[in-house]
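Down below is the structure, laid out as structure tokens.
The values are calculated or read from the model by the stated rules, or taken from the named source; none is laboratory data. This is a predicted model, so every value here is computed, not measured. For neighbour counting, all protein chains shown are included, and Cβ atoms are generated from backbone atoms with ideal geometry for every residue, glycine included. Quick note on the areas: whole protein, heavy atoms, side chains included, nothing else; ligands and nucleic acids left out. Shrake-Rupley method; radii C 1.70, N 1.55, O 1.52, S 1.80 Å.
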Amino acid sequence: MFQFPKKQKLCNKKAIERLFINGQYISVKPFRAIWDFEKNHDNIFLKALIVVSKKRLKLAVDRNTVKRRIKESYRLHKNKLEPHLERSNQQLHLAIIYQQEEILDYMLLDKKINLLLK
């Protein structure tokens, strides 16, 4: 339930391209979320992509720290979305893009991810 396995990560290049071309977006500082619905083929209802730009955070250590914090927060809050998607038999592709130029506290990131997923 509170896992984030490989099956739930958005890795397919064509699916990522479709997401960025056809997707809708919302911005909640420090994030921008892009999402798109597709028909469910493999019983995975939610696939996510987490992006932290090299342009925003130069050091890989900082990018990895932010990604780790976002993944943990996402992993804890994604279970709120899954029942709705399961009922409608849809698959949600979601990209979470970090847009801040410094590392923010985990508690703030957690609040914002929770707000995005609601």
Being touching a residue at least 12 places away in the same chain (Cβ under 8 Å) and either under 14 Å from LEU109 (Cβ atoms) or touching a Lys or Arg at 6+ places or on another chain (Cβ under 6 Å) (or both): is that true of ARG69 here?
yes
Which ones in the range 73-87 are part of a helix (DSSP H, G or I), touching a residue at least 12 places away in the same chain (Cβ under 8 Å), open to solvent by 30 Å² or more (accessible area, probe 1.4 Å) and not acidic (Asp, Glu)?
ARG75, LEU76, ASN79, LYS80
Report the residue count in the range 1-18 for those that are open to solvent by 70 Å² or more (accessible area, probe 1.4 Å), within 21 Å of THR65 (Cα to Cα) and of a type in the set (S, T, N, Q).
1
Can you confirm whether the range 62-72 contains a residue that is in contact with a Pro (Cβ under 8 Å, 6 or more places away or on another chain) and either within 26 Å of ARG18 (Cα to Cα) or open to solvent by less than 40 Å² (accessible area, probe 1.4 Å) (or both)?
no
Selection status of SER73, hydroxyl-bearing (Ser, Thr, Tyr) and under 17 Å from PHE2 (Cα atoms)
yes
Residue pairs qualifying under the 9 Å Cβ cut-off, at least six apart or on distinct chains, with the first in the range 5-26 being in a loop (DSSP other than H, G, I, E, B) and at pLDDT 95 or above and the second being open to solvent by less than 100 Å² (accessible area, probe 1.4 Å) and among the acidic types (Asp, Glu), are GLY23/ASP36
Enumeration of residues in the range 88-100 that are open to solvent by 60 Å² or more (accessible area, probe 1.4 Å) and either within 13 Å of the chain's Cα centre (by Cα) or modelled with pLDDT of 95 or more (or both)
GLN99
Of HIS41, HIS77, which residue is within 22 Å of TYR25 (Cβ to Cβ) and not small (Gly, Ala, Ser)?
HIS77
Check LYS58 against each of (1) at pLDDT 95 or above; (2) surrounded by fewer than 16 Cβ atoms within 10 Å (Cβ to Cβ); (3) in a helix (DSSP H, G or I) and name the one condition it does not meet.
(3)
Those residues that are open to solvent by 100 Å² or more (accessible area, probe 1.4 Å) and farther than 30 Å from ASP105 by Cβ, I need them from the range 19-49; list them, please.
ILE21, LYS39, HIS41, ASN43
By residue number, the members of the range 42-55 that are more than 12 Å from the chain's Cα centre (by Cα) and either within 24 Å of PHE2 (Cβ to Cβ) or assigned to a strand (DSSP E or B) (or both) are ASP42, ASN43, ILE44, PHE45
